[in-house]
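Below is one structure, written out as structure tokens; the observations come after it.
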Amino acid sequence: MRESIPGGEKYVQIKAKLRELKLHTVCEEARCPNLGECWSGGETGTATATIMILGDTCTRGCRFCNVKTSRTPPPPDPDEPRNVAEAIASWGLDYVVITSVDRDDLADQGSGHFAETVEKLKTLKPNMLIEALVPDFRGDAGCVEKVAKSGLDVFAHNIETVEELQRVVRDHRANFKQSLDVLMMAKEYAPAGTLTKTSIMLGCGETPDQVVKTMEKVRAAGVDVMTFGQYMRPSKRHMPVSEYITPKAFEKYRALGMEMSVFGLVDYNCLLKAKGYLPLMDLVKLLLPMVLKCFCRRDLKLRNENGFRYVASGPMVRSSYKAGEFYIKSMIESDRSAASS
């Protein structure tokens, strides 16, 4: 697999502006292989940038991540929300991803700074689509609500790996349940029509069964979009790659995700006993919580909601590029057009 050397007019323009305003991007900090195509617009023509706010130093130390870490990073720049908004507004982008390092050292985990950045950008460019790729805020509902109501179009938070490998791959302060809770809270707090999204890396030692079970739990949590990419080791001091996943396997996960049932967590064999059906009351007790969940969630209406609304899956997919921005953009525009008609 090969990628073109970064270049082009938009690429040069964005890079110069970043240096001028001393802004950070996860594209550069994490050594993303898609940087050139991302900033120039790529084959879809939808130019995208992933801006990293709240500094370039994370308070956590996940084993896959190339971003530098410290328990006491520098304080956030109070002018950053305005600088970021003004810079992005001048670039002519269609879709922007705003992400951040973890800031466990701040009282609000950086959520206020995050929300202010989104709000200022929406004021300057109301029609630009904004994806906020957020940390877990330690599962704090108030922090999640603040960002979810800031005007974003896509609320993204990455679970990073399958449930069984969380402690191996991620910092000890992160966990699978906390991440799912964040995604569910975001769906509850955000305005109707806001999409939720998550991503996992493959090649960390997971099994296909573990991937499928993780997909089922993520979909049952009401997540709209899921992406899969190949883990690539940033340096020798990072977690080694366990396996390089084939394009065919990536395609299988994509197809499965698009067809998956919202009742995927149900083991249908458990509905039957060896000599007949479960007693009626046992069956009701088993299914009622899931039925109520579907009817109470705004994103799971009476229309067909079998699989994820969109799945991006491939070796070069990253949570914030080659992750279907063009299709997500079209999906949001279509939803809004239908809602207004």
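Laboratory data are not the source of any read-out in this text; all were calculated from the coordinates shown. Everything quoted here is computed from the prediction, not taken from an experiment. Note that each Cβ is placed from the backbone with ideal geometry, even for glycine, and that neighbours are counted across all protein chains shown.
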Through the Karplus equation 6.51 cos²θ - 1.76 cosθ + 1.60, θ set to phi - 60°, convert the phi angles of region 60-71 into ³J(HN,Hα) values in whole Hz; use x for Gly and Pro.
10, x, 5, 6, 9, 9, 8, 5, 5, 10, 6, 6
Given backbone amide H placed at 1.01 Å from N, residues whose amide H is under 5 Å from that of Thr69, ignoring those fewer than 5 places away on the same chain, are Cys58
Arg318 long-range amide H proximity, modeled H, under 5 Å:
Ala323
Whole-Hz couplings from phi, Karplus 6.51/-1.76/1.60, listed for region 184-192; x for Gly and Pro:
5, 5, 4, 5, 6, 7, 6, x, 4
Relative contact order %, region 116-171, counting alpha carbon pairs below 8 Å whose residues are six or more apart
38
Amide H to amide H, which residues 5 or more places from Ile53 or on other chains are under 5 Å from it, using H placed in the peptide plane?
Thr99, Ser100, Val101
Taking Lys177, Lys236 and counting other beta carbon atoms within 10 angstrom, the fewest-first order is Lys236, Lys177
Order of Arg254, Arg71 from fewest to most other C-beta atoms within 10 Å?
Arg71, Arg254
For Thr207, Thr72, Thr194, Thr50, ascending order of other Cβ atoms within 10 Å (fewest first) is Thr72, Thr207, Thr194, Thr50
In order through region 240-249: 3J(HN,Hα) via Karplus (6.51 cos²θ - 1.76 cosθ + 1.60), integer Hz, x for Gly, Pro
x, 6, 7, 7, 9, 7, 6, x, 5, 5
